[in-house]
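Okay, so here's the structure we're looking at.
The values are calculated or read from the model by the stated rules, or taken from the named source; none is laboratory data. Every value quoted in this text rests on a predicted model; they were computed, and no experiment measured them. Glycine gets a Cβ as well: all are built from the backbone with ideal geometry, and neighbour counts include every protein chain shown. Just the protein is used for accessible areas: all its heavy atoms, side chains included, with ligands, DNA and RNA removed. Shrake-Rupley method; radii C 1.70, N 1.55, O 1.52, S 1.80 Å.
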Amino acid sequence: MWEEQRRRLESEARDLRIRLETSGGLGLNRPMNDAVGELSGYDNHPADLGSEMFERAKDLAIREAQFRRLDRVEAALDRLRAGTYGVCVRCGRAVDENRLAADPAAALCLACQRREGGAEGKDGRPAEERFLDPGFGRTFTDGRDQVGYDGEDAWQDVALYGTSSDVVRTMNTLYDDDDDEG
């Protein structure tokens, strides 16, 4: 009954294993300094290796996503062997065939998948927004009713050491055309 899904899952598992085996050739199994040919990362400014660090982090994230996908595919193959493929692992109802055609590794019915959600909250907004709002209104007092050191206080302390507008004023003073004799 599920022969098409079995073939697709086995093919995807094979492809993922090959990709994961060959990704070691990209230097992901070696320390970063060795992978980029540097003798030491200590003598460099962090920005000197910034692009390499970004690319390595991206490659590692892709590799991790491939490992997670392989786990899902292998779990689906296990459900096929056990005779429970097409049954939601959470509620026990049938998973729609169109859903399995779109993603043969789907383990949840659509209703359970929607309840599980993702990184978003119940209102569909990213979870980070609950923390980030209201900007300067946050304090480090854990909700206690008192005056505390907040984001505005931090900005004022940092501004004592200068801001970008101070740099512009200084540059204009240094290169004032009125004093130019040559």
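Values as computed for the structure displayed
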quantity	calculated
Accessible heavy-atom area order of Trp155, Trp2, highest first, probe of 1.4 Å	Trp155, Trp2
Residue-level accessible surface for Ile18, protein heavy atoms, 1.4 Å, Å²	90 Å²
Solvent-accessible area, 1.4 Å probe, carbon plus sulfur percent, for the range 53-121	54 percent
Anisotropy class of the range 47-89 from Cα gyration tensor, a/c 1.5 cut	prolate
Surrounding net charge for Arg14, when Lys and Arg each add one and Asp and Glu each subtract one, Cβ distance under 12 Å	-1
